[in-house]
1. Can you run the Rg to Rh ratio on the range 36-179? Use alpha carbon positions and the Kirkwood inverse-distance Rh.
2. With each label point set 7 Å from Cα along the Cα-Cβ vector, what nm distance links VAL126 and LYS62?
3. So which lysines can LYS123 reach, going by Cα to Cα under 16 Å and dropping same-chain residues fewer than 8 places off?
4. Full extension from THR155 to GLU84: what is 0.36 nm times the residue separation minus their Cα-Cα distance, to one decimal in nm?
5. Please state the charge dipole magnitude for the range 4-177, taken about the Cα centre, from unit charges on C-beta atoms (+1 on K and R, -1 on D and E), reported in debye and rounded to the nearest 20.
6. Taking 0.36 nm per intervening residue step and subtracting the Cα-Cα distance, what contour gain separates ASP40 from LYS101 on full extension?
7. Run the dipole for the range 1-80 about the Cα centre, Lys and Arg Cβ at +1, Asp and Glu Cβ at -1, nothing else charged, and hand back the magnitude in debye, nearest 20.
8. What FRET efficiency comes out for SER135 versus LEU72 if R0 is 41 angstrom and r is the Cβ-Cβ distance? Round to the nearest 0.05.
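Laboratory data are not the source of any read-out in this text; all were calculated from the coordinates shown. If you're wondering where the values come from, they're calculated on a predicted model, not measured in any experiment. No Cβ is skipped: glycine too gets one built from the backbone with ideal geometry, and neighbour counts run over all protein chains shown.
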Amino acid sequence: MGIGQESYRIFIDPSSRITVDGSTNVNRFTFRYTEQITIDKPVKVDRIDRKLKLKGGVIDLKVSAFDSGNGLMNKDFRKMLKEEENPFIQVELASINPTWKTSELWLDGKVEILITLNSIARKYVVPCKIENPGSLLIYGKQTLQLADFNLEAPTRMMGMVKVNEQVEFDFALRFATDK
């Protein structure tokens, strides 16, 4: 396989969802992303051997758009994520490594994403699949350690209620292109 290069717009279907799930020593919580998820620039795709490298596949998630349904928890979440200095969680689609069925056909594979939080980027590899012709679904549940992003878990009630050090970044992103 040779090198091929294309650039096109990627659209994120409104059915896409992102949540951050976690727990304290007392209960569990879920923050849902409440705004439309978008990619604002065309994405450049380079096919190098059997891998698709993406440039510009950046999703900026507003920290303020995550909602737990509890105002106090929302305030603690935003404070923990240092929203004033870092108003966005950035998710970048870096590459797709398809499981090729033939030279041009693939139905699933792995996608490499970079999550940037508190100005620290971490790379993760998660599953993806193609649904319907031309629709790509990237889904997964990635455990994030707060300490990896230089974040400190909040406490309440003089330390009696403490958020656990790891949260789950749970997502199902459905994409289509103008190609």
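1. Values: Rg = 17.5 Å, Rh = 16.9 Å.
A ratio of 1.03.
2. With each label point 7 Å from Cα toward Cβ, the separation is 2.1 nm.
3. The reachable lysines, counting only those whose Cα sits under 16 Å from LYS123, are LYS53, LYS55, LYS110, LYS141.
4. Values: separation 71, 0.36 × 71 = 25.56 nm, distance 1.95 nm.
Using 0.36 nm per residue and subtracting the Cα-Cα distance, I get 23.6 nm.
5. Values: 25 positive and 23 negative charges, 38 e Å.
So the magnitude is around 180 debye.
6. Values: separation 61, 0.36 × 61 = 21.96 nm, distance 3.15 nm.
Here the answer is 18.8 nm.
7. Working: 15 positive and 10 negative charges, 37 e Å.
Value, rounded to 20: 180 debye.
8. Numbers: r = 39 Å, r/R0 = 0.95.
It comes to 0.60.
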